[in-house]
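Notes follow once the structure below has been shown.
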Amino acid sequence: MQEWVGLIEGATRGVSSAQAELYRAFRPNVSRLASGFAQLDPDEVEDVVQETFIRAFRELPRLREPAAFPGWLLSIARNRCRNRLDHRSFVTRLVSRVAAETPPELPHFPPALQAEREEAVVRELIDALPDGPEKETVTLFYVEGELSAREIADKLGVGKSTVTMRLERFRGRVKRDLLRRVLATRRD
Amino acid sequence: METPMRHLTLAENARLEQGDAETMAYFAAHLEKPCDECEAFLAQVDGPGLLDGHVDASLLSLAPRAASDAVVSAASSAEKDPAFSAIRRALESPPPAQRRTVRYVAPLLALAASIVLMVALGRQLGTVNGAGVEAMDAGVKSAGTSTLSLELRAALLPEGDGTEAREVADAETVSASGALLLRYHATERAHALLVVENRNGIQTLGEFTLDPGSHDLTLPSGDFASYDLSGERGEIRLSLVAAVRHLPSLDEATQALHNPQHTRNRSAATATIRVVVVEP
């Protein structure tokens, strides 16, 4: 984490080499997140990557907690993806398009939990899935990590939106579990 | 009597964001078990806090790093990456968001000025030049005399960076690319339901707490609430249905919007924006 602090401080001041190193370090995950939206073609994924880093570097002066940078960057990326998609759900029709993705004033969760990867927990959740299409999709995308959601749709012979829906549904389950842990930590 | 089960909503999410102890305790217990409704909400709505980024970071850490990423990482200088060069060029030019904000503020200031003028002219409001605004006094019974009046205006933000928002006129024809940004005026603090009526019927978009005066309609996160027009066709009506003492239900909103003559026990005020959406 210490290496990030120096890079983030430099990137905040607009130092090109610091921004370049952050880009190099975090681009793979940003690209991977965007490629989980099967409706986005490869060019759109690349656009999302660009937009994400542009937005992040512009808003970086407002980031008070360097440790929050990775999660915050991915939140921006997810917003960028959603803004490009035509969501039908009435909840996601309320999209923040004008406001910049400004970092939160204060972290709402314990710093220790922000830094913790929860990898073992997520693997348990995947293992607990019943054998079937959802587990296969999640394993291909998150565990093997070689195919985009579009490529997985082609491989499995299903629609692009089906793959995205499976990934989002599993992601919702992971988010519920992590939220439960965070709330339990705060309660204790 | 059994306490009704609560699920995650925008309002509950906002309370979690604010660190409300009771809400945190409730959902710490509720989320112990799988809940389809809460998981669907969490999948679609950001927050609370930076949880989404944390979730994504955890999920994305499972796979081994791709060989193509290793090539990028091994580059002698990321600064020479053409994609990064494009990012640098964008950073060195004025940010589109700022241009959009500056131009967005100007139309809304004009809206605010005209709304103040309308309120000063009296509470009886009908269709107003320049925007379709329908407002009704609520006639809320309270210890004192309390009436709630609402007004709603919209600005159209076309798709693409660097374009400016402009006020939308009543029943104006607009393209299906872009989004409507909403601004309201309320005479009192109230609880409001935002609904949309389109070819699919009437649907709830969200719950809001309205402050007295003129304000942009915003989400709990502080982001502007906007309605994405992509995929819409024909006339759509965005309405705020509000009451001082309670959050109107969808049924109540439907009654208030479609039976304006049913006023004897009316406790909700409404304001509506109409646009006709055509293919881009």
Tell me which of these B:Glu235 doesn't satisfy, since it passes every other one: (1) at pLDDT 90 or above; (2) surrounded by 16 or more Cβ atoms within 10 Å (Cβ to Cβ).
(2)
For the range B:6-51, which fully contained helices (runs of 4 or more DSSP H) count at least 3 residues that are of a type in the set (Gly, Ala, Ser) and facing chain A (nearest Cβ under 9 Å)?
B:21-30
Residue in the range A:131-146 that is within 10 Å of chain B (Cβ to nearest Cβ), in a helix (DSSP H, G or I) and closer than 30 Å to A:Val5 by Cβ present:
yes
Test: A:Arg169 is more than 11 Å from chain B (Cβ to nearest Cβ), closer than 27 Å to A:Pro42 by Cβ and not aliphatic (A, V, I, L, M)
no
So the check is Cβ under 7 Å with 6+ separation or different chains; which pairs have a first residue in the range B:5-31 that's of a type in the set (Gly, Ala, Ser) and a second one that's outside any helix (DSSP H, G or I)?
B:Ala11/B:Glu207; B:Ala14/B:Pro220; B:Gly19/A:His108
Residues of the range A:1-33 satisfying the condition of being touching a residue at least 24 places away in the same chain (Cβ under 8 Å) and more than 23 Å from A:Arg62 (Cβ to Cβ):
A:Arg32
If you scan the range B:56-73, which residues turn out to be modelled with pLDDT of 70 or more and not acidic (Asp, Glu)?
B:Ala57, B:Ser58, B:Leu59, B:Leu60, B:Ser61, B:Leu62, B:Ala63, B:Pro64, B:Arg65
Filtering the range A:149-166 down to residues that are within 11 Å of another protein chain (Cβ to nearest Cβ) and in contact with a Phe, Trp or Tyr (Cβ under 8 Å, 6 or more places away or on another chain) yields A:Thr164
Answer with yes or no whether A:Arg181 is assigned to a helix (DSSP H, G or I) and either within 21 Å of A:Cys81 (Cα to Cα) or at the interface with chain B (Cβ under 7 Å from one of its Cβ atoms) (or both).
no
Facing chain B (nearest Cβ under 10 Å), crowded, with 16+ Cβ neighbours inside 10 Å and closer than 21 Å to B:Ser58 by Cβ - does that describe any residue in the range A:3-23?
yes
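The values are calculated or read from the model by the stated rules, or taken from the named source; none is laboratory data. Values in this document were obtained by computation on a predicted structure and should not be read as measured data. Positions of Cβ are backbone-derived with ideal geometry, glycine not excepted, and every protein chain shown enters the neighbour counts.
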